[in-house]
Amino acid sequence: MHWLTTALILLPVGGALAIWILPLQSFAVGSTALLVALAEVGLWIDSVARFDFSKPGLQLDQRTSWFSDLHVSYHVGLYGFSLWLVGMTVVVMAAAIAYAFWAGRDRPRAYYGLMLLLTGALVGVFAAQDLLLFYVFWEAMLIPLYVLVGVWGGAGRLRATLVFVIYTMAGSLLMLASIIVLGISQGTFDLVGSGTNGSDWIFLGFVAAFAVKAPLFPLHAWLPEAYRESSPEVAAVLSGVVSKAAAYGFLRIAISKFPGPTSDFRIPILVLAGCGLIYGSLLAFRAPDVRGVVAYSSLAQLGLITFGLFAVNDLGLNGAVLQMVNHGLISATLFLLAGGIERRAATGELARLGGMARGRPALATVLMTTGIIALAVPGSTAFAGEFAILAGVFRTGWAWAVVGGIAIVLAAMYMLRLISAVLHISPGPAVSDAALDLRPAELGFLVPLVACLLVLSAWPAAITDRSFGSSPSSAISEVLR
Amino acid sequence: MNGPDVVWYLCVAAFLFCTGALGVLIRRSPLIVLLSLEIMLNGSNLALIAFARHHGREDGQIFALAVMAVAASEVVVGLGLIVAMARRRLDLDVDKLRTLRG
Amino acid sequence: MIAAAWICLFAPLGAAIAITLLGQRLTRRGAGYLATTSVGMSFVAALVSFAGLLGDSPSQRYHPSTLWRWLTAGPYDFGMRITVDPLSAFMMLVVAGVGFLIVWYSIGYMDGDDEERRYFAYMALFVFSMLLLVQSGNLLLLLAGWGLVGLSSYLLIGFWHERPSAIAAAKKAFVMNAVGDATMALALFLLIQRTRSLDFEKVFPQAPAFGGWAANLIALGLLGGAVAKSAQLPLQTWLPDAMEGPTPVSALIHAATMVTAGVYLIVRTHTLFEAAPRVEELAAGLGAATLLLAGLIALVQTDIKRVIAYSTMSQIGYMFLGVGLGAYANGMFHLMTHAFFKALLFMAAGIVIHALAGEQDMRRMGGLRQFLPRTYWAFMVGALALAGVPPFAGFFSKDSILAAALAHGWYGQLLWVVGMVGTFLTGLYTFRMLFMAFWGEPSAFVREHFHALNRDVVGVSLAVPVGVLTVLAALGGWLQFADVWTPVSNWLEPVAPALVEASGLQEAASSAIAVVLGIAGIGVAWWIYGARRAEAPRSLPLLEHKFYFDELYDALFYRPAVFLANALLKWVERPLVFGSVRELAGAIRELGLETRSIQTGLVRTYALAIAASVAVATLVFVVVR
């Protein structure tokens, strides 16, 4: 019995309640939210210290019965890989709240409350070990997002929210049906120790929900608008964390509990992931604005992560977990930078930007560093993840790795285009001398993200060595134990 | 008991019912539709009482009394509607009264 | 010795990080000194490692060392692993030594530039990356160094980022290198599948056991990377454009070190190539084709740096020819001498460009011999070394390769002929460049724009490295002489035993013919450009357009990618994003409209419906009962 995981879930929720109830002024509201977010990071560091990475099973777990006649319980706990995903979540959320605090948001109480609620729900998704509890947190994650996108978004936010809602709800309802059938058929809703299932339809119900959220081509219609219209930090959270919740779902539920259907449907899913990888890269190459490039590259990267997950071998799974953390940090940084650029130039269109490197060394350094890591230059952590994923998926078939190779070249093309279009040659029409370099506050939330990426580039084994216990080849069966 | 067989009563009841049903389906004046509806109800009442007599129990008779009460209330509402329609100089033609279409 | 190797590797990285973090607090000159000192430290550390190896007996000269685990996945473990062995020590000395001289030279060359600190940070990063590449003890870390070197190249080519041509060149270089990275990664995936490891001592002994097609694919993938990095056919188009970067960058990256990484790779993984002999021969063939192609294109170039760039491409072709035929030590020897004289040529050209306030077009130069006498002599030494005239460095190294080609069989002899033609071309274009720039009467442009360089720190930093390299270009070749005196071959024997050895007669004959051809080329150049006794023939459009490779790649790759992306956007993305929800909403609306027709509003319809339903229900009831 360990309270730490529940604390990780409830601390931000408590913070949200405090913000809503207590009569604080707007500045105090923002700083409270930021403090809660940082405390959450501290709590996570504590859990890392208490975690024993050599053992493969569930740790820091807690279980109490909820609906005893249906065998539903409040069961939360963390594996190695979920610990890293929770870490990425709390760091990205802290950076997002810091961005909002610096940029200023109207109706701050509602806003920060929702952000903190979102944090708690996201941690809950990664920690839940009971199907119904997982579903509760999954939906709890979506509600604040609807409001955050729909109220604090840009000009086209209503349409974006509508499409987002429709797609996500459709997937979630299919997942609910699968959960109910699975829970009833195996007698318990608990994920740990409840064995595997061979039903294709239940598997597809889960895959539908996760494929919409990730997103997996061609269910990505909600992505461009949602990422473009939401405010930068919400886009950072959407692209960085929420998509990983879907990838986590693939790993924890779809692949672990349905080994038969996984190998039956592996080829179609890999085909879709590969299409998403190439398609996203090509569209990123031609996207006319900063957000578009990052959004489509997100689609491509999730395709890559799905590649690794459905390779279902050591290299693929470890690479996928590493890449989940990497991409979360990378896309969060890129979206926050995009927000900074849009504030300075009043536009994100690449045709109107340019030449921002002159006189703005901090911006140039941060954007350049992040962009170069994003395109997975060999030596970076993104490369380590990509290499492991492609080496893993190569064992399934050489064609997948060739697709990955093409994606490597395309990634170089679109990222360098982005960097040059923003930083190089002459200042664009929207860039004036009044657009300053990155302020110390901005560096305060960007530098930690970049620093994490650089540390991981020097030491990717920090994650891959500690995700599945000391014997990851038996990881999946261990995960069920 | 004396009198004709239960069957004949049922035939009369059926005849009344069908006449009423035909009237409801074919006639265009709401007043006549209401009249036909009454005839149907009377047909059903007759059938109920005939069966009550046949089984020797009073359930059918009680049911018939209930039906009479319902018929009376429904006529009140129906006639009230028709009077209201006439007051507004609406065409008392069931085919023309179709504002509630989807 | 191991500690020295790690210091050698990390010292430049430390300098790069320090320069980045210190920012404005460090003076520009200070950044230069910091970078130079760190590379100097690397060189000293490399010497220490080298000395340590000398103390070992030849069969024991192999010391791997892992600092931490870099990437793990189940039974796979790729560590942060370096190796100190003859080949890596050789490369460490070349990279750190020549790097030190060039970074020192940069202090003078880049003096006054606004962004000197950024330049020196990038240079230090590059030296770190190159050392990582040559010191790494497993293929994954080698690929990491490979990519970082490409990154540094991108950063430095695009250093003057306000020039569109520089940015375009930087992007082109990076993307072409990325293609090589991708093929190398594919080769590594295949290797992992076979050997479950990428450490050198685990992979190389297993090479002969791979199947035919697996060995060929692995070697082909590695060759793809080598060809991209070394700017050989067919991935050579990025190198001339890379001249957009500052001249020291061209000297260090695009002459002495990065572009030679492909040669290093082939020598390092030679067992993998020997398991796929056709691919190895392909490497030699590509090298030969490149040396001819580059030599021809160099004849019509008017930018002094581009002539030297094409000359680099051509000389690396020689190296590929050598290692492709199994003459590994000869190829590496030429790598070393080439580093000396090519860096020298670039640096001397840099002094010329600086003196003429940035002018690089040779047609505007002339008569600089009078204005820059010492530079002229340095350039002359470099040119003679390049042309392969004894006793300068190039003669020994290049001819050893050609002699080995002669010994290889009919294929080698064919390539020998190509190499000989190349020698003639080399003499021709090199001295065309020298005569056009330095001989004759000073042109009007020179008279107007020449300004002498001052004697202070700037002058010293420009002069001393050039001087050192002049000496090395002159004497460096004496390190190995045919069969008689072979310390280089002996040194590299444990790591890369040569497959071919030329006989004394072949050596002598080949050298003699090569020298004659080289001097003939110089003679023709003197006839046309030096003494102006004849007009240069009109150049072919084919040569001026560099054999149309740029146009070919544009049509074959870039335009289709753009077309495909635009088509996908129009035909897939727009309908999907805008259409899908609209389609769904439309479908539901249609359904609603259909259902709506039931509500007619007629009492009679409803009554009929009730009657019909009752009838059906009664029927069913009766039937069922």
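The values are calculated or read from the model by the stated rules, or taken from the named source; none is laboratory data. What you see is a predicted model; the values in this text were computed from it and never measured. For neighbour counting, all protein chains shown are included, and Cβ atoms are generated from backbone atoms with ideal geometry for every residue, glycine included.
Can you give me the number of residues within the range B:1-20 that are of a type in the set (Gly, Ala, Ser) and crowded, with 19+ Cβ neighbours inside 10 Å?
So the answer is 2.
Starting from residues that are in a helix (DSSP H, G or I) and without any contact (Cβ under 8 Å) to a residue 24 or more places away in the chain, keep the ones in the range C:152-174 and report whichever is nearest to the chain's Cα centre (by Cα).
C:Tyr154
Quick check, is C:Glu535 assigned to a helix (DSSP H, G or I) and over 35 Å from the mean Cα position of the chain (by Cα)?
no
Just to check your reading of the model, which residue among A:Gly392, A:Gly355 is facing another protein chain (nearest Cβ under 9 Å), assigned to a helix (DSSP H, G or I), modelled with pLDDT under 95 and more than 17 Å from A:Ala95 (Cβ to Cβ)?
None of the other options fit; the residue is A:Gly392.
Give the residues of the range C:66-87 that are in contact with a strand residue (DSSP E or B) (Cβ under 8 Å, 6 or more places away or on another chain), of a type in the set (Ser, Thr, Tyr) and either at the interface with chain A (Cβ under 10 Å from one of its Cβ atoms) or in a loop (DSSP other than H, G, I, E, B) (or both), sorted by residue number.
C:Thr72
Within the group C:Leu344, C:Leu293, C:Leu372, C:Leu356, which residue is assigned by TED's automatic domain parsing to the domain that holds C:Gly419, surrounded by 24 or more Cβ atoms within 10 Å (Cβ to Cβ) and either more than 16 Å from the chain's Cα centre (by Cα) or in contact (Cβ under 8 Å) with a residue 60 or more places away in the chain (or both)?
Of the residues listed, the single one that is assigned by TED's automatic domain parsing to the domain that holds C:Gly419, surrounded by 24 or more Cβ atoms within 10 Å (Cβ to Cβ) and either more than 16 Å from the chain's Cα centre (by Cα) or in contact (Cβ under 8 Å) with a residue 60 or more places away in the chain (or both) is C:Leu344.
Return yes when B:Arg53 is closer than 17 Å to B:Val7 by Cα, basic (Lys, Arg) and more than 14 Å from chain C (Cβ to nearest Cβ) and no when it is not.
Criteria met by B:Arg53.
Taking interchain pairs and intrachain pairs at least six residues apart, which have beta carbon atoms under 7 angstrom, with the first residue in the range C:544-569 and away from every other protein chain (no Cβ under 13 Å) and in contact (Cβ under 8 Å) with a residue 40 or more places away in the chain and the second part of a helix (DSSP H, G or I) and of a type in the set (Asp, Glu)?
none
Using the structure shown, decide if C:Tyr606 is away from every other protein chain (no Cβ under 14 Å), more than 27 Å from A:Leu283 (Cα to Cα) and hydroxyl-bearing (Ser, Thr, Tyr).
Answer is no for this residue.
For the range A:46-58, enumerate the residues that are in contact (Cβ under 8 Å) with a residue 40 or more places away in the chain and not in a loop (DSSP other than H, G, I, E, B).
A:Asp46, A:Ser47, A:Arg50
Take the range B:66-81 and flag every residue that is farther than 14 Å from B:Asn45 by Cβ and exposed (fewer than 14 other Cβ atoms within 10 Å of the Cβ).
Within the range B:66-81, B:Ser73, B:Val76, B:Val77, B:Leu79, B:Gly80, B:Leu81 qualify.
What about C:Leu472, is it in the same structural domain as C:Thr337 (by TED's automatic domain parsing) and farther than 26 Å from C:Gly367 by Cβ?
So C:Leu472 fits the description; yes.
Since A:Ala421 meets every condition but one in (1) among the small types (Gly, Ala, Ser); (2) under 20 Å from C:Ala168 (Cβ atoms); (3) under 24 Å from the mean Cα position of the chain (by Cα), which condition does it not meet?
(3)
Which residues, taken from the range C:301-330, are of a type in the set (Gly, Ala, Ser) and assigned to a helix (DSSP H, G or I)?
Across the range C:301-330, the qualifying residues are C:Ala309, C:Ser311, C:Ser314, C:Gly317, C:Gly322, C:Gly324, C:Ala329.
Each row is one residue, and each column tells you yes or no for (1) of a type outside the set (A, V, I, L, M, F, W, C); (2) at pLDDT 90 or above; (3) touching a strand residue (DSSP E or B) at 6+ places or on another chain (Cβ under 8 Å); (4) under 28 Å from C:Leu542 (Cα atoms).
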residue	(1), (2), (3), (4)
C:Ala255	no, no, no, yes
C:Leu272	no, yes, no, no
C:Ala283	no, yes, no, yes
C:Ala288	no, yes, no, yes
C:Leu296	no, yes, no, yes
C:Asp303	yes, yes, yes, yes
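Can you run down the residue pairs with Cβ atoms below 9 Å, 6 or more apart or on separate chains, where the first is in the range C:427-455 and without any contact (Cβ under 8 Å) to a residue 40 or more places away in the chain and the partner is aliphatic (A, V, I, L, M)?
As it stands, the answer is C:Arg455/C:Ala463, since those pairs meet every condition given.
For the range A:363-376: of the residues being assigned to a helix (DSSP H, G or I) and at the interface with chain C (Cβ under 9 Å from one of its Cβ atoms), which is nearest to A:Ala401 (Cα to Cα)?
So, considering only residues that are assigned to a helix (DSSP H, G or I) and at the interface with chain C (Cβ under 9 Å from one of its Cβ atoms), the one nearest to A:Ala401 (Cα to Cα) is A:Ile372.
If a residue has to be in a helix (DSSP H, G or I) and of a type in the set (Ser, Thr, Tyr) to count, how many in the range A:177-203 make the cut?
So the answer is 2.
Would you confirm whether or not the range C:470-486 contains a residue that is under 30 Å from C:Phe50 (Cβ atoms) and of a type in the set (D, E, K, R)?
yes
Search the range C:188-198 for residues being of a type outside the set (Gly, Ala, Ser) and out of contact with any Lys or Arg (no Cβ under 7 Å at 6 or more places or on another chain), and hand back the single one that is nearest to C:Ser88 (Cα to Cα).
Here the answer is C:Leu198.
Taking the conditions exactly as written (more than 14 Å from chain B (Cβ to nearest Cβ) and loosely packed, with under 13 Cβ neighbours inside 10 Å), does C:Gly586 satisfy them or not?
Yes; evaluated as a whole, the condition is true for this residue.
Here is a check on your reading of the model: is A:Phe307 in contact (Cβ under 8 Å) with a residue 60 or more places away in the chain, in contact with a Pro (Cβ under 6 Å, 6 or more places away or on another chain) and either more than 9 Å from every other protein chain (Cβ to nearest Cβ) or assigned to a strand (DSSP E or B) (or both)?
Against the criterion (in contact (Cβ under 8 Å) with a residue 60 or more places away in the chain, in contact with a Pro (Cβ under 6 Å, 6 or more places away or on another chain) and either more than 9 Å from every other protein chain (Cβ to nearest Cβ) or assigned to a strand (DSSP E or B) (or both)), A:Phe307 does not qualify.
Matching residues to (1) assigned to a helix (DSSP H, G or I); (2) within 20 Å of A:Glu342 (Cα to Cα); (3) more than 13 Å from chain C (Cβ to nearest Cβ):
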residue: A:Arg228; (1), (2), (3): yes, yes, no
residue: A:Thr262; (1), (2), (3): yes, no, yes
residue: A:Gly276; (1), (2), (3): yes, no, no
residue: A:Ser281; (1), (2), (3): yes, no, no
residue: A:Arg291; (1), (2), (3): yes, yes, yes
residue: A:Ala300; (1), (2), (3): yes, no, no
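Kindly indicate whether A:Gly379 is closer than 17 Å to C:Ala144 by Cα and within 9 Å of chain C (Cβ to nearest Cβ).
Criteria met by A:Gly379.
Is it the case that the range C:196-206 has a residue that's free of Cβ contacts under 8 Å to residues at least 24 places away in the same chain, basic (Lys, Arg) and assigned to a helix (DSSP H, G or I)?
Yes - at least one qualifying residue is present in the range C:196-206.
So, in the range C:157-204, of the ones that are among the basic types (Lys, Arg) and facing chain A (nearest Cβ under 8 Å), which residue ends up surrounded by the most Cβ atoms within 10 Å (Cβ to Cβ)?
So the residue we want is C:Lys171.
Here is a yes/no grid of residues against (1) within 28 Å of A:Val447 (Cβ to Cβ); (2) of a type in the set (Asp, Glu); (3) modelled with pLDDT of 90 or more:
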residue: A:Asp106; (1), (2), (3): yes, yes, no
residue: A:Ala127; (1), (2), (3): no, no, yes
residue: A:Gly156; (1), (2), (3): no, no, no
residue: A:Leu174; (1), (2), (3): no, no, yes
residue: A:Ser178; (1), (2), (3): no, no, yes
